[in-house]
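Report on one structure; see the data block that follows.
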Amino acid sequence: MLEEKKIKVLIDEKQINDKIIELAGKLSEEYKNSNPIFIIVLKGAFVFASHLLLKMNIPLNVDFMVISSYGDSTESSGIVRIEEDMSLNIENRHVVIIEDIIDTGTTLNYLRKKIKANNPKSLKIVTLLDKPSRRKVDLEVDYSCFEIEDYFVVGFGLDYAQFYRNLPYVGIISEE
Ligand code: PRP
């Protein structure tokens, strides 16, 4: 059992919701005539992706990849593991990857190369959170809802030892 810890709110539910509505509007406009495929990077992106896609009013496809690089630790292992691959054929399609957080950039750098090898018509990256100060690889992020400092954050899909994914806000585990 995880002992209960205090969580300090970093980004509240309304701030997240407002940003998601804004982003959904931009993406709906950008992809209105192109039937894009949104690839949700599990597990962490499931909450953000669900909220975002529910606010979009254009025809689109959804696919999933299960990726892991952290294990149950708070530091990235640097090794990207594809636990489960996507199933749709992305060749000549507009593809958007949805992530919950970009930290070192290792995961997306790897994913971007892998997806590009399958010849999509275009490829963009959308993330709820971005920690640019932690970047180890050069990575262009097309849409980022919030840039944050180097905190270990949980909630809105993000976990600590697989807990806290269901918090409706992004928070920091307080040591007090
Ligand atoms: C997190 C997050 C990204 C990755 C970002 O996944 O969802 O995929 O780490 O880190 P990076 O930029 O340093 O590569 P995690 O391994 O925690 O798995 P999860 O999505 O199942 O929580």
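The values are calculated or read from the model by the stated rules, or taken from the named source; none is laboratory data. Here the structure is a predicted model, which is why all the values come from computation and not from measurement. Neighbour counts run over all protein chains shown; Cβ positions are idealised from the backbone, glycine included. The protein model used for the area step is the full one, side chains on, heavy atoms only, and it has no ligands, DNA or RNA in it. Shrake-Rupley method; radii C 1.70, N 1.55, O 1.52, S 1.80 Å.
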Could you tell me how many degrees, from 0 to 90 and to the nearest 10, lie between the Cα long axis of helix 106-116 and the main elongation axis, the longest principal axis, of the Cα atoms of the chain? 10 degrees
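Looking at the chain only, what percent of DSSP beta bridges run antiparallel? Nearest 5 please. Show your work: numbers first, answer last.
Values: 12 of 34 bridges.
If I count the DSSP bridges inside the chain, around 35 percent turn out antiparallel.
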Rounded to the nearest Å, the spacing of the alpha-carbon centers of segment 1-62 and segment 84-105 is 14 Å
Per residue, how much accessible area does the chain have with a 1.4 Å probe, in Å²? 54 Å²
Based on the Cβ-Cβ distance of Tyr169 and Ser133, what FRET efficiency does E = 1/(1 + (r/R0)^6) give at R0 = 25 Å, to the nearest 0.05? 0.70
Candidate lysines - alpha carbon under 26 Å from Lys19, same-chain residues fewer than 8 apart omitted: Lys6, Lys8, Lys32, Lys43, Lys55, Lys124, Lys131
Neighbour-limited loop hits for GluC sites (Glu not before Pro), segment 135-174 (at most 10 other Cβ within 10 Å; DSSP other than H, G, I, E, B): Glu140
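Of the heavy-atom accessible surface of the chain (probe 1.4 angstrom), what whole percent is carbon and sulfur?
Numbers: 4490 of 9510 Å².
Result for the chain: 47 percent of the exposed heavy-atom area is carbon or sulfur.
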Which of the listed residues, Ser34, Ser50, Gly105, is farthest toward the dipole's positive end in the chain, when Lys, Arg count +1 and Asp, Glu count -1 at the beta-carbon? Ser34
Quick one: helix 13-30 against the long Cα principal axis of the chain, what's the angle to the nearest 10°, folded into 0 to 90? 10 degrees
Grab the Cα-Cα distance for Lys114 and Arg81, subtract it from 0.36 nm times how many residues apart they are, and report the gain in nm with one decimal. 10.7 nm
From the convex hull of the Cα coordinates of the chain, what is the mean projected area in square nanometres? 10.0 nm²
